[in-house]
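Structure first, commentary second.
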Amino acid sequence: MMNRPLKTVLAICLATLCVTTMAQKKPLTLEELNYGGKNYRQMNPATENYAWWGNQLVKNEQEQCTVINPSKGDSHVLFLLSDLNSQLGESDAVRSLYSSEFPYPDSTLVMIDNRDCRILYDWKKNKVVWSQTSGYETSDWSAVSRNLAFVKDNQLCVADKNGKVTKITSDGSREVVYGQSVHRDEWGIWKGTFWSPNGNLLAFYRMDQSMVTDYPQVNTDTRIATEEPDKYPMAGETSHIVTVGVYDAHSGKTIYLDTGDTTDRFLTNIAWSPDSKQIYIQELNRDQTDMELTVYDAVSGKRKGVIYSEHNDRYTEPLTPITFLPWNSSQFILQSQKDGYNHLYLMDVNGHQIKQITKGDWVVLDLVGFNKKRKCAVILSTEANPIQNNLYMVNLSNGKRTLLDNGRGCHGNVWQADGRHTSILSSSGEYIYDNYTEPDVPRNISLLSLGNRTEKILFTAPDPWEGYDVPEFSCGTIKAADGQTNLYYRMVKPTNFDPSRKYPTVIYVYGGPHARNVEARWHYYSRGWESYMAQKGYLLFILDNRGSKDRGLAFEQATFRQLGQIEMEDQMCGVNYLKSLPYVDADRIGVHGWSFGGYMTITLMTHYPEIFKVGVAGGPVIDWRWYEVMYGERYMDTPQTNPEGYEKTSLLNQAPNLKGKLQIIQGMNDKTVVPQHALSFIDACIKAGTQPDFFVYPGEPHNMRGRKSVHLHERITQYFEDYLK
């Protein structure tokens, strides 16, 4: 039997060993957790780059491209970087093959956009067969014709495959904008040029914003500060006028579509017919209550008519162009929320609805593509769970859906510039490479087969946080203020959590449309700053209230004409839940958010001053009268038609209610939430005798860039350290 002194010594040794082991855990720093930090890349889950070459998957590495046969699983090297560079001059040498593309399924050509030059390299012949000047900030390339559309010195130009450049506009300026995104990037608009399927016709936006008021942005980097005004159409004020032109690369002629007077109209979601003869545009009235799908002749520009329309008393918000079936050019798929959730509808070219393809209390996130042989579509949806993204095969004849992935987490995590996921599908639609994550899975990449529904793991990322002092991440639901709707939350508990202690708690909030903060991704989609704060002894809580995205139309439209009010009620349900937990210190609750989240931060601070002791509001909206037309009027209508709503939601009226410590942070050259918001609230506080703190980042836009982001998060952290802890 072991004697007591020896047992005591062993116990002490074991305790010391445990403490030593815990002490060896490395601390997390903002240099590792913030995207402006020096070590940020190393703390992200590793990944690999893939691209489809027809039905064969190519792994793009720095020094080589390796092809994988999906049906057999075997692989071999296609070509080496050294092979390619042997055909290029030293000044044109390619640094890596990570971004290689294979635009021609039946050809041994790889396309590489190498800084200022786009090249096609035939690896079988070991020869560069074609090149073209590239590197323009705004450009659009057609793989079919090899024509390149680009904007230079405000003018829209086209370079043909032989390098001949044609300037197709002459009056481009700051006030007349060609070939770029319009309507302030709303309705899924992310660019301003659209090549026809045959690559010979170019549809493009022309935006006349000469009638829009200048917002007086200032550049303080010059010897004497200079004005750099920005065209900013505020809610209820005069907006810009957009038209659509079509340039014929063969004839060199340009026509404009007969859209009529487009004053107070929005031209969204441009799509071409498969034969390149017609253009389809989803057009909205300024009130955004009515959408018309209009058809135009691409050669003459004549309006052929409206083939389909939708109305919603609050707003309708088309976000995706129509998509034609690859096996039937007389039918297309329309995405619509008209039954309350975003679903797929099969339509004919006359605008008649043939059938509703998908249906249910869940959202189609994306139409990934088609499998022509099986007459099916591949979609990404929330059917499995509101905080998941899963891949399904959908039979277009009977609507039957087949789950393709493992049914957990968030899949299809490869986004193109347009926000879609079509690049993950092989040319036949028979295979998918699936980059996915789960709350406890940093990243996996697998190869999925629609035929036998098999999964082959191609890559598993190690945990980059291994050996660090990592907090506990959890997810759950509470009821919304309506007592019925489930709301999802994320909780990040302090490292070395002790349930017998009471912890200061920070609520991170966004709360606005088009965002979902709680997802079944790694760490439940937690931001790095949350872990940094948890390491410092804070509990973090994040709740997706009504008004956020991917939960259906009623969920989002609950906030209509009264932004911030329903969201505030739901966030307070989260506060009540926190106060029920024995380890939350109800006397030390703080709140932080940016943009719409900055608005919510000040809303909560001023409506519930007895609850929130400290807040940090970044780039906050203060009064929706000063926000832009497209977004602001969708959710609030105009100040003229909804004066009560604008008055109720303005935070200028709440300035006298500020009691806790509030820091407002603003990018001085913010073109999204202009500085007028923050400055006007400070002025209202001066008049009311309340005392917010204020910090500005000179020259910065809506979000801080690079190293300034690290500085920003140090500042946010220190404010809570000074006043909440």
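Structural remarks
- Within the range 411-427, restricting attention to residues that are open to solvent by less than 50 Å² (accessible area, probe 1.4 Å) and aliphatic (A, V, I, L, M), the residue that is nearest to LEU319 (Cα to Cα) is VAL414.
- For first residues located in the range 475-496 and farther than 15 Å from GLY547 by Cβ, partners that are among the charged types (D, E, K, R) and lie 6+ apart or on another chain with Cβ distances below 6 Å form the pairs CYS475/ARG490; VAL492/GLU530; LYS493/GLU472; THR495/ASP469.
- Positions within the range 699-725 being touching a Gly at 6+ places or on another chain (Cβ under 8 Å), of a type in the set (Lys, Arg) and within 27 Å of TYR627 (Cα to Cα), in sequence order: ARG705, LYS708
- Matching residues, the range 631-675, being out of contact with any strand residue (DSSP E or B) (no Cβ under 9 Å at 6 or more places or on another chain) and of a type in the set (Val, Ile, Thr): THR638, THR641, THR649
- Single unsatisfied condition, VAL674 versus (1) assigned to a loop (DSSP other than H, G, I, E, B); (2) under 30 Å from GLN288 (Cβ atoms); (3) open to solvent by 10 Å² or more (accessible area, probe 1.4 Å): (3)
- Count of residues meeting criterion [in contact with an Asp or Glu (Cβ under 9 Å, 6 or more places away or on another chain), surrounded by fewer than 22 Cβ atoms within 10 Å (Cβ to Cβ) and farther than 21 Å from GLY590 by Cβ] in the range 643-665: 4
- Residue in the range 492-505 that is among the hydroxyl-bearing types (Ser, Thr, Tyr) and within 27 Å of the chain's Cα centre (by Cα) present: no
- Pair list, Cβ under 6 Å, 6 or more apart: the range 47-74 residue part of a loop (DSSP other than H, G, I, E, B), other residue open to solvent by less than 20 Å² (accessible area, probe 1.4 Å) and of a type in the set (Ser, Thr, Tyr): ASN55/SER426
- In this structure, ARG184 does satisfy being outside any loop (DSSP other than H, G, I, E, B), open to solvent by 20 Å² or more (accessible area, probe 1.4 Å), modelled with pLDDT of 95 or more and on the phi > 0 side of the Ramachandran plot.
- Residues in the range 216-227 that are free of Cβ contacts under 8 Å to residues at least 40 places away in the same chain and either touching a helix residue (DSSP H, G or I) at 6+ places or on another chain (Cβ under 7 Å) or part of a loop (DSSP other than H, G, I, E, B) (or both): 5 in all.
- Restricting the range 683-712 to residues that are surrounded by fewer than 17 Cβ atoms within 10 Å (Cβ to Cβ) and within 21 Å of PRO609 (Cα to Cα), the residue that is nearest to the chain's Cα centre (by Cα): PHE694
- Restricting attention to the range 311-353 and to residues that are part of a loop (DSSP other than H, G, I, E, B) and of a type in the set (D, E, K, R), the residue that is most open to solvent (accessible area, probe 1.4 Å) turns out to be ASP313.
- Any hit, the range 102-111, residues being open to solvent by 40 Å² or more (accessible area, probe 1.4 Å), free of Cβ contacts under 8 Å to residues at least 40 places away in the same chain and not in a loop (DSSP other than H, G, I, E, B): no
- Given (1) farther than 26 Å from ASP287 by Cα; (2) modelled with pLDDT of 95 or more; (3) open to solvent by 20 Å² or more (accessible area, probe 1.4 Å), index of the condition LYS725 fails: (2)
- Test: residue in the range 233-240 that is small (Gly, Ala, Ser), in contact with a strand residue (DSSP E or B) (Cβ under 7 Å, 6 or more places away or on another chain) and surrounded by fewer than 22 Cβ atoms within 10 Å (Cβ to Cβ): no
- The range 466-491 - residue that is open to solvent by less than 20 Å² (accessible area, probe 1.4 Å) and closer than 18 Å to SER526 by Cα and, of those, farthest from the chain's Cα centre (by Cα): PRO471
- Of all residues in the range 1-46, those that are open to solvent by 70 Å² or more (accessible area, probe 1.4 Å), assigned to a helix (DSSP H, G or I) and modelled with pLDDT of 50 or more total 3.
- Exactly one residue out of LEU450, LEU404, LEU425 is hydrophobic (A, V, I, L, M, F, W, C), touching a Phe, Trp or Tyr at 6+ places or on another chain (Cβ under 8 Å), closer than 17 Å to LYS59 by Cα and in contact (Cβ under 8 Å) with a residue 24 or more places away in the chain, and it is LEU425.
- The number of residues in the range 54-68 being open to solvent by 40 Å² or more (accessible area, probe 1.4 Å) and either among the hydroxyl-bearing types (Ser, Thr, Tyr) or out of contact with any helix residue (DSSP H, G or I) (no Cβ under 8 Å at 6 or more places or on another chain) (or both) comes to 4.
- Every residue from the range 190-208 that is crowded, with 22+ Cβ neighbours inside 10 Å and either among the acidic types (Asp, Glu) or assigned to a loop (DSSP other than H, G, I, E, B) (or both): GLY192, SER196
- For the range 497-516, the set of residues classified as on the phi > 0 side of the Ramachandran plot and open to solvent by less than 20 Å² (accessible area, probe 1.4 Å) consists of GLY511 only.
- Restricted to the range 442-457, and to residues there that are over 25 Å from the mean Cα position of the chain (by Cα) and either open to solvent by 40 Å² or more (accessible area, probe 1.4 Å) or β-branched (Val, Ile, Thr) (or both), the residue that is farthest from SER428 (Cα to Cα) is ILE457.
- Restricting the range 127-175 to residues that are in contact with a Gly (Cβ under 6 Å, 6 or more places away or on another chain) and farther than 17 Å from GLY192 by Cβ, the residue that is most open to solvent (accessible area, probe 1.4 Å): VAL144
This table checks each residue for (1) buried (at least 24 other Cβ atoms within 10 Å of the Cβ); (2) in contact (Cβ under 8 Å) with a residue 24 or more places away in the chain.
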| residue | (1), (2) |
| --- | --- |
| GLN535 | no, yes |
| ILE542 | yes, yes |
| MET568 | no, yes |
| ASN576 | no, no |
| SER580 | no, no |
| ILE589 | yes, yes |
| GLY593 | yes, yes |
| THR606 | no, yes |
| ARG634 | no, yes |
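- Residues located in the range 74-101, provided they are in contact with a helix residue (DSSP H, G or I) (Cβ under 8 Å, 6 or more places away or on another chain) and surrounded by 15 or more Cβ atoms within 10 Å (Cβ to Cβ): VAL94, LEU97
The values are calculated or read from the model by the stated rules, or taken from the named source; none is laboratory data. As the structure is a prediction and not an experimental result, all values here were calculated from the model. Note that each Cβ is placed from the backbone with ideal geometry, even for glycine, and that neighbours are counted across all protein chains shown. Ligands, DNA and RNA are excluded from the accessible area calculation, which covers all protein heavy atoms including side chains. Shrake-Rupley method; radii C 1.70, N 1.55, O 1.52, S 1.80 Å.
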